[in-house]
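Reading through the structure tokens given below for one structure.
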Amino acid sequence: AIQAAFAPHRAMVLTEKQRRDLHVAVLEYLKDDDARFAESIAAFTREAGLDGVEIPGKRTLEKKWTTIVRLQRRVMELEADLEQAKKEASSGGRPKRQEGARLWPTEAHKHELKGHRQPVVCVAFHPVYSMLATASEDATVRLYDADSGTYERQLRGHTAAVQSVAFSKGGQLLASASSDLSIKLWDFSEEGDHQCLKTLRGHEHTISAIKFIQREDLPVVVSGSRDETIKLWDTKTGFAIGSLQEGQDLGWVRCLDVVGDAYLAAGSNNHKITVWDVRSESCVSTLVGHEHVIESVSFAPGPLPPGLLARREGEEAKDPATAEAEGEEQLHLVSGSRDGTVRVWNATRGSSLFVLRAHDNWVRGVVWHPCLKYVLSCGDDRTLRVYDLKSKRCARTINDAHTHFVTSVAIHSALPLLASGGVDRCTRVWALE
């Protein structure tokens, strides 16, 4: 009687195709441990009418389950943010104390993620979820849930050090670049299983940096290499579709960043940064000022708040809002170098705005805080640093952030999380409070 009462309701919840797909996914899950569930497999196969049905081996049920857990966590975070916003609105605005929220990485790290057998050289957050990808000289990429600190899986396929990883704009693809002269594209779509989709070949030396840009509906990979070239790749065909050189002496391209699917910055061994319009494949400006190898570059993802631009000698300072009103597109960039400095640039004009001196050794990574009032850096002095761009001073230093050189830093665009990788083979996750 109970089954009869609920039968119509079940029919409305799942279509016949959805029900069959669910049955196949359940059978696939059971068959992963067939020694334990042998009798259940036989009974379920018979009763669900799945005799002779091919099992795809995509671990669909496990993947759906982990996706649901992530979404539930995100929903809870959004609900908490909504409640906070309601309280602020009812009290007449955001309390003054809250203006600094999500500003500083805590003195003590939230999680320490282990598993790599060689130094971690790059860390990258998924643009939507709290997933973190780490690249290592042990030729692997490891995936973690940065919020909970749990290990998810390992991506194997490269035969030499993985130098860089990057997610596509929506997070459906992950690209990894390696010293084995290859780029691999991994499936991170909702229906994918983190499998390698394509291997891109064409560089003649170590591939040091990788990024995505979007051309219409197609993600395009941009790579920089020790062979002194920057290449653009079609992610559908796997073929190179362009090269950024234009007579420039690029040198060993160490690092890349992109903004707005239109502009790219490349830092090199020759102490220069070149800024490119990837639509026309033309060089916009060359930034000169560092006195050693450029290790990291990062574009500001939007216009800077008013009042942060310094006046250069002989040049009238221009407020970002004023420049935008006059139709001048504002591109701002931060860079870190082995000369121990962090520089902030107007990449459109090709001018250095100011220099931040705090590290006692090489600067290995730089990134903008999402509010664009602060810049974070890491370096071989084993520190993480936060700079206030208005005062142009180091506002916080986390000493002994790792037990060895800190090689990379990344900040989530939506969640209060920061990650750092080190030569100590560990990745550390920091809460922003």
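The values are calculated or read from the model by the stated rules, or taken from the named source; none is laboratory data. Small disclaimer: the values here were computed from a predicted structure and weren't measured. Ideal geometry is used to build each Cβ from the backbone, glycine not excepted, and the neighbour counts take in all protein chains shown. In case anyone asks, the SASA skips ligands and DNA or RNA and just uses the protein heavy atoms, side chains included. Shrake-Rupley method; radii C 1.70, N 1.55, O 1.52, S 1.80 Å.
Can you tell me which residues in region 224-260 are within 20 Å of the chain's Cα centre (by Cα) and either aliphatic (A, V, I, L, M) or more than 18 Å from L185 (Cβ to Cβ) (or both)?
Those that are within 20 Å of the chain's Cα centre (by Cα) and either aliphatic (A, V, I, L, M) or more than 18 Å from L185 (Cβ to Cβ) (or both): I230, L232, V253, R254, C255, L256, D257, V258, V259, G260.
For D261, state whether it is within 22 Å of S182 (Cβ to Cβ), touching a strand residue (DSSP E or B) at 6+ places or on another chain (Cβ under 6 Å) and acidic (D, E). Lay out the reasoning, then the answer.
Details: within 22 Å of S182 (Cβ to Cβ): no; touching a strand residue (DSSP E or B) at 6+ places or on another chain (Cβ under 6 Å): yes; acidic (D, E): yes.
Here the answer is no, as D261 does not meet what is asked.
For region 172-182, give me each residue that is open to solvent by less than 10 Å² (accessible area, probe 1.4 Å), of a type in the set (A, V, I, L, M) and within 25 Å of R59 (Cβ to Cβ).
To start, the set of residues in region 172-182 that are open to solvent by less than 10 Å² (accessible area, probe 1.4 Å) comprises 174-178, 182.
Right, trim to of a type in the set (A, V, I, L, M) and you get 174-175, 177.
If the condition is that a residue be open to solvent by less than 10 Å² (accessible area, probe 1.4 Å), of a type in the set (A, V, I, L, M) and within 25 Å of R59 (Cβ to Cβ), then L174, A175 are the ones that fit.
Mind checking which residues of region 416-433 are under 15 Å from Y129 (Cβ atoms) and open to solvent by less than 10 Å² (accessible area, probe 1.4 Å)?
Filtering region 416-433 for residues under 15 Å from Y129 (Cβ atoms) gives 416-417, 419, 429.
Of everything in region 416-433, those that are under 15 Å from Y129 (Cβ atoms) and open to solvent by less than 10 Å² (accessible area, probe 1.4 Å) turn out to be L417, A419, V429.
Does I241 satisfy being open to solvent by less than 10 Å² (accessible area, probe 1.4 Å) and either within 16 Å of V334 (Cβ to Cβ) or aliphatic (A, V, I, L, M) (or both)?
No; evaluated as a whole, the condition is false for this residue.
With open to solvent by less than 10 Å² (accessible area, probe 1.4 Å), at pLDDT below 90 and closer than 28 Å to R385 by Cα as the only criterion, which of P305, P320 stands out? I'd like the intermediate steps shown before the answer.
Numbers: P305 fails: open to solvent by less than 10 Å² (accessible area, probe 1.4 Å).
Selected residue: P320, the only one of P305, P320 that is open to solvent by less than 10 Å² (accessible area, probe 1.4 Å), at pLDDT below 90 and closer than 28 Å to R385 by Cα.
For E16, are the conditions met, namely being modelled with pLDDT of 75 or more and open to solvent by 60 Å² or more (accessible area, probe 1.4 Å)? I'd like the intermediate steps shown before the answer.
Numbers: modelled with pLDDT of 75 or more: yes; open to solvent by 60 Å² or more (accessible area, probe 1.4 Å): yes.
Answer is yes for this residue.
Would you check which residues across region 348-382 are among the acidic types (D, E) and either under 19 Å from the mean Cα position of the chain (by Cα) or open to solvent by 60 Å² or more (accessible area, probe 1.4 Å) (or both) and list them? Please lay out each step first, then the result.
The first filter runs over region 348-382 and keeps only residues among the acidic types (D, E), leaving 360, 380-381.
Correct list: D360 only.
Pairs, please: C-beta under 7 Å, at least 6 apart or cross-chain, first residue free of Cβ contacts under 8 Å to residues at least 24 places away in the same chain and in region 30-54, second of a type in the set (S, T, Y) and in a helix (DSSP H, G or I)?
L30/S40; D51/T45
Collect the residues in region 326-345 that are part of a strand (DSSP E or B) and either within 23 Å of the chain's Cα centre (by Cα) or at pLDDT below 95 (or both), keeping them in residue-number order. Walk me through it before giving the result.
Here is the first cut: in region 326-345, the residues part of a strand (DSSP E or B) are 332-337, 341-345.
Once the filter is applied, which keeps residues that are part of a strand (DSSP E or B) and either within 23 Å of the chain's Cα centre (by Cα) or at pLDDT below 95 (or both), region 326-345 yields H332, L333, V334, S335, G336, S337, V342, R343, V344, W345.
So which residues in region 192-238 are open to solvent by 20 Å² or more (accessible area, probe 1.4 Å), within 18 Å of K169 (Cα to Cα) and part of a loop (DSSP other than H, G, I, E, B)?
H194, E216, D217, K236 - these are the residues of region 192-238 that are open to solvent by 20 Å² or more (accessible area, probe 1.4 Å), within 18 Å of K169 (Cα to Cα) and part of a loop (DSSP other than H, G, I, E, B).
What are the residue pairs meeting all of these: first residue in region 415-433, first residue in a loop (DSSP other than H, G, I, E, B), second residue among the polar types (S, T, N, Q) and surrounded by 20 or more Cβ atoms within 10 Å (Cβ to Cβ), Cβ atoms under 8 Å, and 6 or more apart or on different chains?
So the pair list comes out as L415/S130; V423/T407; R425/S136.
Mind checking which residues of region 370-396 are out of contact with any Phe, Trp or Tyr (no Cβ under 8 Å at 6 or more places or on another chain) and either farther than 20 Å from T427 by Cβ or small (G, A, S) (or both)?
Passing the criteria: P370, C371, L372, K373, K390, S391.
All but one of (1) modelled with pLDDT under 90; (2) touching a Phe, Trp or Tyr at 6+ places or on another chain (Cβ under 9 Å) hold for N361; which doesn't?
All conditions are met except number (1).
Modelled with pLDDT of 95 or more and either within 13 Å of the chain's Cα centre (by Cα) or surrounded by fewer than 16 Cβ atoms within 10 Å (Cβ to Cβ) (or both), is that true of V165? Give the derivation first.
Details: modelled with pLDDT of 95 or more: yes; either within 13 Å of the chain's Cα centre (by Cα) or surrounded by fewer than 16 Cβ atoms within 10 Å (Cβ to Cβ) (or both): yes.
Judged against the criteria, V165 is a match.
Does V375 satisfy the condition of being of a type in the set (A, V, I, L, M) and under 19 Å from H116 (Cβ atoms)?
no
Return the residues of region 102-114 that are surrounded by fewer than 22 Cβ atoms within 10 Å (Cβ to Cβ) and touching an Asp or Glu at 6+ places or on another chain (Cβ under 9 Å); say none if nothing qualifies. Steps first, answer last, please.
Step one: filter region 102-114 for residues surrounded by fewer than 22 Cβ atoms within 10 Å (Cβ to Cβ), giving 102-104, 106-108, 110-112, 114.
Correct list: R102, L103, W104, T106, K110, H111.
Would you mind stating whether R385 is over 22 Å from R254 (Cα atoms) and open to solvent by 20 Å² or more (accessible area, probe 1.4 Å)? Spell out the reasoning first.
Numbers: over 22 Å from R254 (Cα atoms): no; open to solvent by 20 Å² or more (accessible area, probe 1.4 Å): yes.
So R385 fails the test.
Going through region 265-284 one residue at a time, which ones are in a strand (DSSP E or B) and either over 23 Å from G340 (Cα atoms) or in contact with a Pro (Cβ under 6 Å, 6 or more places away or on another chain) (or both)? Write out each step before concluding.
To start, the set of residues in region 265-284 that are in a strand (DSSP E or B) comprises 265-268, 272-277, 282-284.
Passing the criteria: W276, D277, S282, C283, V284.
Among all residue pairs at least 6 apart or on different chains, which show Cβ distances below 6 Å where the first residue, located in region 249-278, is at positive phi and the second is part of a strand (DSSP E or B)?
G251/S268; D261/I213; D261/Q214
Sort out for me the strands (runs of 3 or more DSSP E) sitting completely within region 46-153 that have 3 or more residues that are modelled with pLDDT of 75 or more and of a type in the set (G, A, S). First the steps, then the outcome.
Working: elements: 111-113, 120-125, 131-136, 141-145.
Of the strands (runs of 3 or more DSSP E) lying wholly inside region 46-153, those with at least 3 residues that are modelled with pLDDT of 75 or more and of a type in the set (G, A, S) span 131-136.
Taking the stated definitions as given, is S189 in contact with a Leu (Cβ under 9 Å, 6 or more places away or on another chain) and crowded, with 16+ Cβ neighbours inside 10 Å? It would help to see each step written out before you state the result.
Details: in contact with a Leu (Cβ under 9 Å, 6 or more places away or on another chain): yes; crowded, with 16+ Cβ neighbours inside 10 Å: no.
No.
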